[in-house]
Amino acid sequence: SFGSFQPVDQKPSFTLDFTRFGGTIGFRGLQKIHLNNSAEDPSFLNELVGADCFRAVGIPAPRISYALVELNGRKLGLYVLKEGFTRDFLRRNFDNADGTLYETDREIQKEHIDLDRFLTFIAMEVLICHRDGYCLAGNNFRIYLDSARRQTTFLPAGMDQVFGKPDYPLELSMTGEFARTVISSPAGKLGFLSKLRDLYSVCEPSRLNGQIDSTLALLKRELPRRDFGSIKTAAGDLKARISRRYQFLENKLEPASLEGPVLATANNIKPD
């Protein structure tokens, strides 16, 4: 993407598809991996935390790990290693993996959407401030259409900027077409609010901090002290943003604050 793009003589990101040209052996069981230079995330942790939040509420998300990358003998340093959206990913996460994976919503029909799961997806993008995702930007997502059930599941991607703005409003104005359609209906608004209330505990700081600390312990063993020091500092900033986000959500979603407007946001929409 434009924000993280770097030329090959700097620290570029890569996608490695091990079976594209007829190969059958993947990398540690993976057909495709993405190596993200994390240019927009100095903590190298946002993708990990974001994927964990989605999986915690039953939305499949790629697994995240790390790699030290070398290109033609030149050491490029630490990368975030992300599992690709492949048939193996679908087999791990769905009963039927013979459907179709889309990178656009143009061919999706609204009657095929699993509404409850989609409301969960919308709520999670908002809760973790995934401002570069489907709902808020029409960007960074996949859609899996289960050919047997004729139902779609939206999948998160590109989460290297999550929790970037702790006071991001619980906004009902959506960019993604299907999110905008759902939230524009009275039932959709109330369903969205219900999901926010039910799911915001996923962002509880102590839960996420535990995963951050265990990952830092792993990275500390593998990285030079100077490199790890900058990551540790950025991880502290991430923890602080998570804490502020959770406090913001508590203030907005506790029962006393919901007796008036449905959402205390700039648009001040009330229930129909």
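Apolar share of the accessible surface for the stretch 10-61: 53 percent from carbon plus sulfur atoms, 1.4 Å probe.
Extension gain, residue 98 to residue 194, is 31.3 nm, computed as 0.36 nm per intervening residue step minus the present C-alpha separation. Cross-link partners of residue 11 among lysines, defined as those whose alpha carbon lies under 17 angstrom from its own and excluding same-chain residues fewer than eight positions apart: 75, 82. The aspartates and glutamates within cross-link reach of residue 252, meaning a Cα-to-Cα straight distance under 15 Å and a gap of 8 or more places when in the same chain, are 167, 171, 198, 204. Helical content alone sets the calculated 222 nm signal of the chain at -12000 deg cm²/dmol, taking -39,500 (n - 2.57) per DSSP H segment of four or more residues and averaging over every residue.
With both labels modelled 7 Å from their Cα along Cα-to-Cβ, the residue 16 to residue 68 distance reads 1.5 nm.
Oblate is the label for the stretch 1-77, because a/c, from the alpha-carbon gyration tensor with a ≥ b ≥ c as root eigenvalues, is 1.5 or above and a/b does not exceed b/c. Surface exposure of the stretch 185-232, expressed per residue as accessible area with a 1.4 Å probe, stands at 57 Å². Show log10 I(q)/I(0) for the stretch 20-171 at q = 0.17, 0.20 Å⁻¹, two decimals, from a solvent-free Debye sum over equal Cα scatterers. For the requested q values the scattering log ratios are -1.04, -1.33. Among rounded, prolate and oblate, which fits the chain when a ≥ b ≥ c are the square roots of the eigenvalues of its C-alpha gyration tensor, a/c under 1.5 means rounded, and a/b larger than b/c means prolate? Cα axes put the chain in the oblate bin. Secondary structure note: in the chain, about 95% of the DSSP beta bridges are antiparallel. For the stretch 107-188, which whole percent of the accessible surface, found with a 1.4 angstrom probe, sits on carbon and sulfur atoms? Percent of accessible area from carbon and sulfur atoms in the stretch 107-188: 42.
The candidates 68, 199, arranged from most to least accessible area with a 1.4 Å probe in the full protein assembly, appear as 68, 199.
Counting only Cβ charges, +1 for Lys and Arg and -1 for Asp and Glu, the dipole size of the stretch 122-251 around its Cα centre is about 180 debye. Taking all protein chains together, 244, 207 sort by accessible area into 244, 207, largest first [probe 1.4 Å].
The values are calculated or read from the model by the stated rules, or taken from the named source; none is laboratory data. Remember, it's a predicted structure, so these values are computed and weren't measured experimentally. In this analysis, Cβ positions are derived from the backbone assuming ideal geometry, glycine residues included, and neighbour counts consider all displayed protein chains. Only protein heavy atoms, including side chains, enter the accessible area calculation; ligands, DNA and RNA are left aside. Shrake-Rupley method; radii C 1.70, N 1.55, O 1.52, S 1.80 Å.
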